[in-house]
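> This is the structure I want to talk about, given as structure tokens.
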Amino acid sequence: MAFEETAAELTQNVRSLGFDLDELTNEKSWPRLRSRGTQRDRRDRRLRSGGLFIRLGAAIDGIGAKRVVLDTIENLFSGLQNEGILRAELRRLFRWLKDKGVTAVITAERGEGALTRHGLEEYVSDCVILLDHRVTDQVSTRRLRIVKYRGTAHGTTNTHS
């Protein structure tokens, strides 16, 4: 489910990765969901979360999906000003995805002093992967770092004596 890109932009971007979304959508093996929302929805995203679960659940069940991508989570809850409600809605979404038995890839913006904007996403996630792009002395380096992978040490255990 894309919250920022149009269908045409999403199709073009995914094509650069070697996938033809139009063909996959026609084969009913890749449902494409977009969410723009009304003015009222943007003021209180909580009003839409039930609808999100219904649409996403129908898409998952319709093709027997095992994986879901939500890009980006900030747009989903951007209208929520109350941090308690925001945290409850994030927990509810992550729990619902887990209960559906899908692997969810959820993009999130970097936060100030935290990995994510709200600082909660990394706690309710089973795995957190940090993507980084640095330029030093005109040398560009893209990095992928596994910050958290629940149930594993993922290289954080000190093996030195």
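The values are calculated or read from the model by the stated rules, or taken from the named source; none is laboratory data. Treat the numbers as computed from the prediction; the structure is a model and nothing was measured. Cβ coordinates were reconstructed from backbone atoms using ideal geometry, including for glycine residues, and neighbour counts include every protein chain displayed. With ligands, DNA and RNA removed, areas are computed over all heavy atoms of the protein, side chains included. Shrake-Rupley method; radii C 1.70, N 1.55, O 1.52, S 1.80 Å.
> Which of (1) assigned to a loop (DSSP other than H, G, I, E, B); (2) free of Cβ contacts under 8 Å to residues at least 40 places away in the same chain is the odd one out, the single condition Ala104 does not satisfy?
Going through (1) assigned to a loop (DSSP other than H, G, I, E, B); (2) free of Cβ contacts under 8 Å to residues at least 40 places away in the same chain one by one, Ala104 breaks only (1).
> If you take the residues of the stretch 80-95 that are surrounded by 13 or more Cβ atoms within 10 Å (Cβ to Cβ) and within 23 Å of Thr152 (Cα to Cα), which of them is farthest from the chain's Cα centre (by Cα)?
Per the stated criteria, the residue is Arg91.
> Let me ask something else about it. Mind listing whichever residues of the stretch 1-54 are part of a loop (DSSP other than H, G, I, E, B), of a type in the set (S, T, N, Q) and modelled with pLDDT of 55 or more?
Once the filter is applied, which keeps residues that are part of a loop (DSSP other than H, G, I, E, B), of a type in the set (S, T, N, Q) and modelled with pLDDT of 55 or more, the stretch 1-54 yields Thr6, Ser16, Ser29.
> Another question about this same structure. Does Leu131 qualify as being without any contact (Cβ under 8 Å) to a residue 60 or more places away in the chain, closer than 25 Å to Phe3 by Cα and surrounded by fewer than 11 Cβ atoms within 10 Å (Cβ to Cβ)?
Details: without any contact (Cβ under 8 Å) to a residue 60 or more places away in the chain: yes; closer than 25 Å to Phe3 by Cα: yes; surrounded by fewer than 11 Cβ atoms within 10 Å (Cβ to Cβ): yes.
Answer is yes for this residue.
> May I pose another question? For the subset of the stretch 56-77 comprising residues that are within 16 Å of the chain's Cα centre (by Cα) and open to solvent by 60 Å² or more (accessible area, probe 1.4 Å), which member is farthest from Phe3 (Cα to Cα)?
For the stretch 56-77, the residue satisfying everything is Lys66.
> With the requirement that a residue be modelled with pLDDT of 80 or more and exposed (fewer than 10 other Cβ atoms within 10 Å of the Cβ), what does the stretch 146-161 give you?
Scanning the stretch 146-161 gives Arg150, Gly151.
> Sticking with this structure for a sec: What residue, among those in the stretch 97-123 that are within 23 Å of Ala59 (Cα to Cα) and in contact with a Leu (Cβ under 6 Å, 6 or more places away or on another chain), is surrounded by the fewest Cβ atoms within 10 Å (Cβ to Cβ)?
As a first pass, look at the stretch 97-123 and keep what is within 23 Å of Ala59 (Cα to Cα): 97-108.
Narrowing the set further to residues that are in contact with a Leu (Cβ under 6 Å, 6 or more places away or on another chain) leaves 104, 106.
Details: Ala104: 18, Ile106: 20.
Among those that are within 23 Å of Ala59 (Cα to Cα) and in contact with a Leu (Cβ under 6 Å, 6 or more places away or on another chain), it is Ala104.
> Being in a helix (DSSP H, G or I) and under 21 Å from Glu4 (Cβ atoms) is the requirement here; does Glu89 meet it? I'd like the intermediate steps shown before the answer.
Numbers: in a helix (DSSP H, G or I): yes; under 21 Å from Glu4 (Cβ atoms): yes.
Here the answer is yes, as Glu89 does meet what is asked.
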